[in-house]
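Report on one structure; see the data block that follows.
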There are 2 protein chains.
Amino acid sequence: MYPILQGMRVIECASFIAAPSCCLHLRQMGAQVIRIDPIGGGPDFNRWPLAENGHSLYWEGLNKGKLSIAVDFATPEGRELVSQLICAPGEEGGLFVTNFPAEGFLSHERLVQKRADLITARVMGWADGTPAVDYTVNAAVGVPYMTGPADGKTPVNHVLPAWDLLAGSYAAFSVLAAERHRNKTGQGQEVRVPLSDIAIASLGHLGQIAEVQLSGDRPRMGNTLYGAFGRDFKTADGVHLMVVAISPRQWSGLIKVLGIAEAVAAVERERKVSFAQDEGLRFTHRDALFPLVEAAMAGRQSKELGEAFDANGVCWGPYHTLKSGIAAESRLVSANPLFSKVTHPSGMTYPTPGAAASWMQSERAGARPTPRLGEHTDQVLAELLGLSSGEIGRLHDAGRVAGLAKD
Amino acid sequence: MYPILQGMRVIECASFIAAPSCCLHLRQMGAQVIRIDPIGGGPDFNRWPLAENGHSLYWEGLNKGKLSIAVDFATPEGRELVSQLICAPGEEGGLFVTNFPAEGFLSHERLVQKRADLITARVMGWADGTPAVDYTVNAAVGVPYMTGPADGKTPVNHVLPAWDLLAGSYAAFSVLAAERHRNKTGQGQEVRVPLSDIAIASLGHLGQIAEVQLSGDRPRMGNTLYGAFGRDFKTADGVHLMVVAISPRQWSGLIKVLGIAEAVAAVERERKVSFAQDEGLRFTHRDALFPLVEAAMAGRQSKELGEAFDANGVCWGPYHTLKSGIAAESRLVSANPLFSKVTHPSGMTYPTPGAAASWMQSERAGARPTPRLGEHTDQVLAELLGLSSGEIGRLHDAGRVAGLAKD
């Protein structure tokens, strides 16, 4: 937590990864985020992994530090209440993040009747409103046919929901851009962030759409880094290391540490090339270079080799599982100031990440616990809408809002 | 291109994906971005894929619409010039994005002597300054051991540089947060965005660090979606489809279209469970459900099946290569308003993506061509530093700056 965005107020009606992570980023930079869920929770409220008490660790991870309010989304009165919360006054409010359909009661057109300068950031599947998730978008843009063994015939899915995460951070960027624009012009906006557009634009930015037009699909090549020297190699003690040499220094360090300078020079003479300054040649001649590196690394112990790599500017890293990585590499979690131990509604206490960026002239406060569903219903209704305790009681009695479930 | 951030001026000294994509996002939302490169280009200037004329399609993709200036980074006079450009006055300037080392001539501490309210966003490998790239960070946090066939013993690298892309958009978000804070307080900041922190914080946000503490590493499971129903299935005509059923509606639509409601009910009776409202049970009982879906889909043609899926709210999508996806799915590129055909320094004309977000109340202008290296050297020196043509000529003669290379 940093107080950088202090004063900003964001309303979230969303589920799953992209939109909630957008609001998490805003929250961890200091904004107030009020997450409005249907009573009983949205479609992501029980998403796996689950804790022993049944709480979702996934929901818990994506909603840290937010205020939680539970409202009946199915009735006109409940929907009216949601609209009032979204459109509540305040110069730094009127910021709404959602993945609800573009038409319907949370459409920007309807909401803007209540607050003309409203900013809506809407995460979508396809831009036309067709549903899509990270996995189906990834399949559409071809990444599963780029991933995995060179001789594989079937697609290999990403496990990491990369497009969701990217849509979330891009949406957070878009919210701040929209607010900056509103501060200058007074205008609100709806900004839409479809997963499909995030995916295809990213591949375009990486030059891959141009490449396809020029030379067709890039062949699958397993763990080989495209266009430079890089692959996984195994050491004498059976450890897999990812080794990359893009810059001249990384390459000269690698061949020095491995003692293969002469063998590499022989390849250069035979093939009339020089690898020192041209990372592309290190890629096209990988048939000759990989066996040299493979043989040299197979004769070395990982610990000694890693130290030598570090001393010579080689870019490398061991492969871990998440568990072994956290245990072996203290810079990830245990010695990382991003993390603080926090107790959450799951009843578990675990290292919890704050903002991924570090502000060098601000003090980082610890990560915040995740609210329980409906924990702040009464507080938000009173503070944001100015409702009396009598009015709030009536809403509870009518089933229009809910506080903490008894569990 | 949208004019949302018009007026903002960003200086970029960076290479590869993360920091350049940060500035691309800012540029495509309307900021002016001045990319300063060493004469002859930075370490990413020749990065693959390459066009027939040798220009990098990768560099071209990541630097669209920026102004390009080439300066000698190795001499005190050249470095002084770079510092002056970064710290040039202007209320909406003083925004600097880099992946240069935290110490050294582009350290925030040194720069801030020239402009006290400077904002520096620094993308890093590890937070301590140790080099790392997307591939080595990914190896450290365990994703390659989560990816790929369930019976695989070796790591499977991501081809998509997900952490780079995510660091780029998160850095763009951070730049806007920092500027908002500066507008309120007058304070500049250095904000650091290490790839390693982006990766481990993301896994934490997804609940996976808590999960590891609770139950250890999640087993590899090939193309299976964790925690709900989802996998790739093959149709009678040999097409791979990704099918996902997280919501109750997606599940009921799927079993209806496939005509397996009775068979599913038999599993429910036998195992004393109900799948309709619990996506987790659809995951834990996938040993019984996958064969039913497999057999049903193997008897259907992909075209007919897709139409039925769409009509019944099933979340699905075909696997494509990038080339076949672009050809088959017009919403990706050919009918997508994000794209415009632009001619670039590679000599190629190809569909070029603008901002991935769509602003519903603003008009989208076409994507911009990428500059040639040094194309704007004289213009930037004159406009931003007020140098006379005589002074600019002297800098050229002394080799401190360069314009367009003759090629």
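Among the residues of the range B:62-96, write down those that are within 14 Å of chain A (Cβ to nearest Cβ), in a helix (DSSP H, G or I) and without any contact (Cβ under 8 Å) to a residue 12 or more places away in the chain. Step through it out loud before you land on a result.
To start, the set of residues in the range B:62-96 that are within 14 Å of chain A (Cβ to nearest Cβ) comprises B:62-66, B:91-92, B:95-96.
This time we only want the ones that are in a helix (DSSP H, G or I), so: B:62.
Of everything in the range B:62-96, nothing turns out to be within 14 Å of chain A (Cβ to nearest Cβ), in a helix (DSSP H, G or I) and without any contact (Cβ under 8 Å) to a residue 12 or more places away in the chain.
Any residue at all in the range A:43-50 that's more than 10 Å from chain B (Cβ to nearest Cβ), closer than 30 Å to A:Arg364 by Cα and of a type outside the set (A, V, I, L, M, F, W, C)?
Looking through the range A:43-50, none of the residues is more than 10 Å from chain B (Cβ to nearest Cβ), closer than 30 Å to A:Arg364 by Cα and of a type outside the set (A, V, I, L, M, F, W, C).
Among what's in the range B:31-54 and is open to solvent by less than 30 Å² (accessible area, probe 1.4 Å) and of a type in the set (Val, Ile, Thr), pick the residue that is nearest to A:Thr284 (Cα to Cα). Step through it out loud before you land on a result.
As a first pass, look at the range B:31-54 and keep what is open to solvent by less than 30 Å² (accessible area, probe 1.4 Å): B:31, B:33-37, B:41-42, B:44, B:47, B:49, B:51.
Those left that are additionally of a type in the set (Val, Ile, Thr): B:33-34, B:36.
Working: B:Val33: 34, B:Ile34: 33, B:Ile36: 30 Å.
Filtering the range B:31-54 for residues that are open to solvent by less than 30 Å² (accessible area, probe 1.4 Å) and of a type in the set (Val, Ile, Thr), the one nearest to A:Thr284 (Cα to Cα) comes out as B:Ile36.
Would you check if there is a residue in the range A:99-120 being closer than 28 Å to A:Thr377 by Cβ, buried (at least 24 other Cβ atoms within 10 Å of the Cβ) and away from every other protein chain (no Cβ under 11 Å)?
Checked the range A:99-120: at least one residue is closer than 28 Å to A:Thr377 by Cβ, buried (at least 24 other Cβ atoms within 10 Å of the Cβ) and away from every other protein chain (no Cβ under 11 Å).
Please find, within the range A:212-245, the residue that is farthest from A:Asn138 (Cα to Cα) out of those that are out of contact with any Gly (no Cβ under 9 Å at 6 or more places or on another chain) and facing another protein chain (nearest Cβ under 7 Å).
Per the criteria, the residue is A:His240.
So B:Val239 clears everything in (1) within 20 Å of the chain's Cα centre (by Cα); (2) open to solvent by 10 Å² or more (accessible area, probe 1.4 Å) except one condition, right? Which one?
Every listed condition holds for B:Val239 apart from (1).
Just checking, how many residues over the range B:14-30 are surrounded by fewer than 24 Cβ atoms within 10 Å (Cβ to Cβ) and either at the interface with chain A (Cβ under 8 Å from one of its Cβ atoms) or farther than 20 Å from B:Val342 by Cα (or both)?
1
For the range B:388-407, name all the residues that are β-branched (Val, Ile, Thr) and in a helix (DSSP H, G or I).
Scanning the range B:388-407 gives a single hit, B:Ile392.
Specify which of the listed residues (A:Val333, A:Val380, A:Val293) is open to solvent by less than 20 Å² (accessible area, probe 1.4 Å), modelled with pLDDT of 95 or more, touching a strand residue (DSSP E or B) at 6+ places or on another chain (Cβ under 9 Å) and within 11 Å of another protein chain (Cβ to nearest Cβ).
A:Val333
Do the conditions hold for B:Ala127, that is, is it open to solvent by less than 20 Å² (accessible area, probe 1.4 Å) and touching a residue at least 12 places away in the same chain (Cβ under 8 Å)?
On the way: open to solvent by less than 20 Å² (accessible area, probe 1.4 Å): no; touching a residue at least 12 places away in the same chain (Cβ under 8 Å): yes.
Criteria not met by B:Ala127.
Hey, can you tell me all the residues within the range B:345-356 that are farther than 30 Å from B:Cys87 by Cβ, over 21 Å from the mean Cα position of the chain (by Cα) and open to solvent by less than 40 Å² (accessible area, probe 1.4 Å)?
Passing the criteria: B:Ser346, B:Met348.
Scan A:Gly299, A:Gly306, A:Gly317 and give me the residue that is touching a residue at least 12 places away in the same chain (Cβ under 8 Å), within 8 Å of chain B (Cβ to nearest Cβ) and of a type outside the set (A, V, I, L, M).
A:Gly317
Kindly check whether there is at least one residue in the range B:160-178 that is outside any helix (DSSP H, G or I) and open to solvent by less than 40 Å² (accessible area, probe 1.4 Å).
yes
How many of the residues in the range B:1-23 are within 19 Å of the chain's Cα centre (by Cα) and in a loop (DSSP other than H, G, I, E, B)?
Count: 6.
Kindly evaluate A:Val193 against the criterion of being in contact with a Phe, Trp or Tyr (Cβ under 8 Å, 6 or more places away or on another chain), closer than 22 Å to A:Gly104 by Cβ and surrounded by 24 or more Cβ atoms within 10 Å (Cβ to Cβ).
yes
I need a count of the residues in the range A:188-209 that are more than 7 Å from chain B (Cβ to nearest Cβ) and more than 16 Å from the chain's Cα centre (by Cα).
Result for the range A:188-209: 1.
Yes or no: the range A:357-375 includes at least one residue that is basic (Lys, Arg), open to solvent by 60 Å² or more (accessible area, probe 1.4 Å), at pLDDT 95 or above and touching a Pro at 6+ places or on another chain (Cβ under 9 Å).
Within the range A:357-375, one or more residues are basic (Lys, Arg), open to solvent by 60 Å² or more (accessible area, probe 1.4 Å), at pLDDT 95 or above and touching a Pro at 6+ places or on another chain (Cβ under 9 Å).
Go through the range B:145-157 and report how many residues are surrounded by fewer than 24 Cβ atoms within 10 Å (Cβ to Cβ), within 7 Å of chain A (Cβ to nearest Cβ) and not β-branched (Val, Ile, Thr).
2
Filter the range B:72-131 down to the residues that are closer than 26 Å to B:Gly7 by Cα, acidic (Asp, Glu) and under 27 Å from the mean Cα position of the chain (by Cα) and list them by number.
Result: B:Glu92, single match.
Got a sec? Which of B:Leu214, B:Leu195, B:Leu254 is on the phi < 0 side of the Ramachandran plot and free of Cβ contacts under 8 Å to residues at least 40 places away in the same chain?
Only one candidate passes the filter, namely B:Leu214.
Please specify each residue of the range A:121-144 satisfying the condition of being among the acidic types (Asp, Glu) and either more than 7 Å from every other protein chain (Cβ to nearest Cβ) or in contact with a Lys or Arg (Cβ under 6 Å, 6 or more places away or on another chain) (or both).
Correct list: A:Asp134 only.
The values are calculated or read from the model by the stated rules, or taken from the named source; none is laboratory data. Just so we're clear, the structure is a prediction, and the values are computed from it rather than from any experiment. Virtual Cβ from ideal backbone geometry, glycine too; neighbours counted across all protein chains shown. Heads up: the accessible areas ignore ligands, DNA and RNA and are worked out on the full protein's heavy atoms, side chains in. Shrake-Rupley method; radii C 1.70, N 1.55, O 1.52, S 1.80 Å.
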